[in-house]
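S.K.: Below are the structure tokens for one structure; questions will follow.
The values are calculated or read from the model by the stated rules, or taken from the named source; none is laboratory data. Remember, predicted model here, so these are calculated numbers, not experimental data. Virtual Cβ from ideal backbone geometry, glycine too; neighbours counted across all protein chains shown.
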Amino acid sequence: MLIGLVAALALGSGQARDPAPTILSDIIVNAPPNEARALGFIDRVAAPPSGRRLARWERSLCVSVAGLDAAYAQFIVDRVTAVGASVGLDPGQAGCRPDVLIIFTADPDAAAGRLIDEDLETFRPVRYGATDRGEAALEQFQHSDAPVRWWHVSAPVSILTGEVMMGMEDGPAIMNAPNASRIGASTREALQRAIIIVDANQIRQVSFGALGEYLGVVTLAQVEPGADLTGYQSVLNLFAGSPGQRITDWDQSYLQALYRARGDQLRYVQQATDIAERMAERAMRSGTMPDSGESRD
């Protein structure tokens with residue numbers, strides 16, 4: 001599907017010990033300060049489809065970049081796959097079928113509109129939800145004024161086999177998985193594809209290396225567009241007055257915890273708590289919560 005989108009564009013491509021209440025999805029969690037701070041970050045940044053858990057890529061990641069000269073496209077591919085490798089994802093081999101399409105264009109609204117018009121099922125394979133953030137979010141994606149916009153499609157897969165457990169045809173979502181136990185779900189959420197559009201007119205003041213790492217984070221995680229991360233050091237602040245911001249300990253801590261958290265949590269709030277606990281444990285081992293935001297070289 002993503003291969004078809006590249007062809008349609010006719011563009012060049014390159015391959016956080018005093019308990020304190022923290023509110024998360026209407027549930028109050030008593031957590032140590034480090035864990036509470038991590039929960040605050042997750043609450044701002046995480047954006048799964050309504051009623052679903054956070055998804056992640058399985059095993060490998062194949063990235064394609066369109067709209068840049070080959071050398072620059074390969075630089076972005078390398079940066080994104082390096083972020084993927086940091087959480088254990090293998091880079092796609094030469095000629096792999098793209099999971100991620102990153103488009104650089106001077107007319108992002110037109111590019112988004114054309115892609116949606118020509119292949120809506122790539123964006124919304126199940127028209128009644130469950131795999132994406134819904135019609136209103138897609139409208140926002142198409143008409144966003146952000147420097148970078150992204151769209152993820154996910155699906156529940158079997159904990160045992162990795163097989164997609166949902167009918168992806170147009171119509172109500174059909175779950176084929178057996179009923180979950182009270183202890184754990186029989187499925188986990190897996191990312192199926194991501195489409196990212198970069199407004200070439202709005203990236204001239206940012207570091208290209210930082211941009212590649214920013215794209216890596218929004219590729220690997222379902223991030224809330226326009227998330228207010230004031231008070232957190234993150235590469236996601238790249239377009240919020242930090243044009244040289246590189247990927248930080250906060251970003252790495254979140255991604256590592258997301259990709260190591262249990263996949264069979266029954267609800268999003270359990271998953272978010274698991275991720276926050278792992279972030280806090282990592283901070284305890286290193287002796288500090290990643291507040292300084294020191295960037296990686």
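S.K.: Go through the range 257-285 and give me each residue that's touching a strand residue (DSSP E or B) at 6+ places or on another chain (Cβ under 7 Å), of a type outside the set (A, V, I, L, M, F, W, C) and in a helix (DSSP H, G or I).
M.R.: The answer is 259, 273.
For (1) farther than 24 Å from residue 130 by Cβ; (2) crowded, with 20+ Cβ neighbours inside 10 Å; (3) modelled with pLDDT of 95 or more, each residue gets a yes or a no:
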site: 1; (1), (2), (3): no, no, no
site: 23; (1), (2), (3): yes, no, no
site: 26; (1), (2), (3): no, no, no
site: 30; (1), (2), (3): yes, no, no
site: 34; (1), (2), (3): yes, yes, no
site: 45; (1), (2), (3): no, yes, yes
site: 54; (1), (2), (3): no, yes, yes
site: 63; (1), (2), (3): yes, yes, yes
site: 68; (1), (2), (3): yes, yes, yes
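S.K.: What residue, among those in the range 108-141 that are loosely packed, with under 13 Cβ neighbours inside 10 Å and more than 20 Å from the chain's Cα centre (by Cα), is modelled with the lowest pLDDT?
M.R.: In this case the residue turns out to be 128.
S.K.: Related question: Of the residues that make up the range 211-229, is at least one touching a Pro at 6+ places or on another chain (Cβ under 9 Å) and at pLDDT below 95?
M.R.: The answer is no, given that none of the residues of the range 211-229 is touching a Pro at 6+ places or on another chain (Cβ under 9 Å) and at pLDDT below 95.
S.K.: Still on this structure: Take residues that are under 26 Å from residue 282 (Cβ atoms) and not basic (Lys, Arg) and tell me which of the helices (runs of 4 or more DSSP H) falling wholly in the range 31-121 contain 2 or more.
M.R.: Here the list reads 33-45, 70-85.
S.K.: Next question. Condition first: over 18 Å from residue 154 (Cβ atoms) and either part of a helix (DSSP H, G or I) or more than 15 Å from the chain's Cα centre (by Cα) (or both). Now tell me which residues in the range 245-256 satisfy that.
M.R.: Within the range 245-256, 245, 246, 248, 249, 250, 251, 252, 253, 256 qualify.
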